[in-house]
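Structure record follows, encoded as structure tokens.
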Amino acid sequence: MASIRQPVPSEQAMLFVNEEGYSSKLADFAQVSGLSKDRLEILRLLAAESMYPAEIARELKLPEQTVYYHMRSLLSAQLVEISSEEQKQGGTAKRYSFPADSLSVLLSERKAKSPRISRQKKIPGFLESFVRNGVFDAKMVVGSPDPHGPYRSRGSEFCATEVAMYLGGFCSFEYPLYYLDTELTEQQRRHNLVALGGPKVNTLVNDANASLPIRFDKSNFSIYSSLSKKKYTEDVGIVELVQNPFNPKSRLLVIAGSSHHGTRIGVLGLLRHQREFELGNAFDSSVMAKVIAGFDEDSDGIVDTVEILE
């Protein structure tokens with residue numbers, strides 16, 4: 001039995017068939033109204049690999065001009081993308097692709113109470129540096145549950161379990177997977193790290209804060225983005241991937257908020273908006289740094305919907 005989950009703003013959704021998850025491009029009725037058997041066959045081919053129209057024509061045994069006609073219609077309907085271009089014999093040859101495993105049409109705005117996060121087939125590009133030969137090449141760092149650090153705070157970032165489950169979809173790991181911030185040695189700080197929690201509860205984030213493009217104002221723990229020049233006083237989450245300030249050869253992924261609620265918002269943003277993270281910050285696409293707002297739409301005390309603010 002198949003079910004369609006709520007799409008993200010990038011028009012991507014997840015389609016679940018017998019508990020298996022597939023990426024799905026969300027289309028409206030206008031986009032699918034012009035689909036014929038031949039065009040569906042073209043989408044099927046392009047979901048597997050990018051192709052030139054001439055290759056599609058040979059595969060489907062169609063006239064090449066007919067395929068070009070179909071491609072213009074599919075491109076106009078935003079159902080296919082141009083993946084590459086090459087100059088050939090005085091003209092431009094274009095390869096096309098379909099950016100998902102399936103095509104879905106949303107028939108109702110009703111949402112499942114708990115969004116399901118499926119295993120992915122390929123690790124996102126911005127996380128590739130954390131996986132080597134199929135093994136998680138980093139350590140997670142969470143705040144100690146005991147009063148510690150300059151703010152004598154206790155860590156409570158239990159959402160680290162959700163990040164671990166997410167990463168487990170791409171790789172295996174070596175024990176231990178995580179350290180408390182109070183356990184981390186100076187040498188271990190030089191490795192690839194995933195830090196959860198703001199500077200109040202995680203001393204690693206506190207020490208790295210000045211190096212972050214989106215950072216915490218320690219006077220009131222509001223969040224300031226050096227990219228948008230905006231200050232966020234509400235409880236938002238941040239997710240950013242930066243050069244490790246303790247070792248330029250390593251990377252640091254920070255998922256944090258002013259409170260554990262903000263950190264949880266950041267985690268849900270990472271889980272549900274993977275495609276937007278690949279695009280970088282809205283004000284500087286070369287920087288992978290996001291500010292995320294969260295909402296509890298079903299009023300059960302748990303954030304279930306997030307919105308990327310930049």
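The values are calculated or read from the model by the stated rules, or taken from the named source; none is laboratory data. Model, not experiment: these values are computed from the prediction. We place every Cβ from the backbone using ideal geometry, glycine too, and count neighbours over all the protein chains shown.
Here are a few things to note about the model shown:
- Of all residues making up segment 180-195, the number that are more than 22 Å from the chain's Cα centre (by Cα) and assigned to a strand (DSSP E or B): 1
- Set side by side, the residues Leu177, Leu212 differ, and just one is surrounded by 17 or more Cβ atoms within 10 Å (Cβ to Cβ), under 23 Å from the mean Cα position of the chain (by Cα) and under 26 Å from Val131 (Cβ atoms), which is Leu212.
- The condition (being in contact with a helix residue (DSSP H, G or I) (Cβ under 7 Å, 6 or more places away or on another chain) and within 25 Å of Thr161 (Cα to Cα)) is satisfied by just one residue among Ile214, Ile265, Ile302, Ile308: Ile308.
- Some residue of segment 58-68 being of a type outside the set (Lys, Arg), under 27 Å from Asp28 (Cα atoms) and modelled with pLDDT under 90: no
- Checked across segment 152-161, the condition of being closer than 18 Å to Arg264 by Cβ, within 17 Å of the chain's Cα centre (by Cα) and buried (at least 18 other Cβ atoms within 10 Å of the Cβ) holds for at least one residue.
- Within segment 209-250, the residues that satisfy the criterion of being closer than 11 Å to Ala289 by Cα and among the β-branched types (Val, Ile, Thr) are Ile214, Ile238, Val239, Val242.
- Candidate set: segment 81-108, residues that are among the basic types (Lys, Arg) and out of contact with any Ser or Thr (no Cβ under 7 Å at 6 or more places or on another chain); chosen: the one modelled with the lowest pLDDT: Lys88
- When Ser84, Ser104 are checked against the criterion of being in contact (Cβ under 8 Å) with a residue 12 or more places away in the chain, within 29 Å of the chain's Cα centre (by Cα), loosely packed, with under 14 Cβ neighbours inside 10 Å and part of a strand (DSSP E or B), a single residue qualifies: Ser84.
- Residue list for segment 162-174, restricted to those being surrounded by 13 or more Cβ atoms within 10 Å (Cβ to Cβ), within 17 Å of the chain's Cα centre (by Cα) and more than 19 Å from Leu204 (Cα to Cα): Glu162, Tyr166, Leu167, Gly168, Gly169, Phe170, Cys171
- The single residue among Gly294, Gly198 that is over 20 Å from Leu167 (Cβ atoms) and assigned to a strand (DSSP E or B) turns out to be Gly294.
- Close pairs (7 angstrom Cβ cut-off, 6 or more residues apart or separate chains): assigned by TED's automatic domain parsing to the domain that holds Gly266 in segment 196-207, hydroxyl-bearing (Ser, Thr, Tyr) and part of a loop (DSSP other than H, G, I, E, B) anywhere: Gly198/Ser258; Lys200/Tyr151
- Of all the listed residues (Phe295, Phe283), the sole one being within 20 Å of Leu212 (Cβ to Cβ) and aromatic (Phe, Trp, Tyr) is Phe283.
- Contact map, segment 133-154: residues that are in the same structural domain as Thr203 (by TED's automatic domain parsing) paired with residues that are surrounded by fewer than 15 Cβ atoms within 10 Å (Cβ to Cβ) and part of a strand (DSSP E or B), Cβ distance under 8 Å, separation 6+ or inter-chain. Pairs shown: Gly134/Ser172; Val135/Ser172; Phe136/Ser172.
- Considering segment 87-101, and only residues there that are more than 30 Å from the chain's Cα centre (by Cα) and not small (Gly, Ala, Ser), the residue that is surrounded by the fewest Cβ atoms within 10 Å (Cβ to Cβ) turns out to be Gln89.
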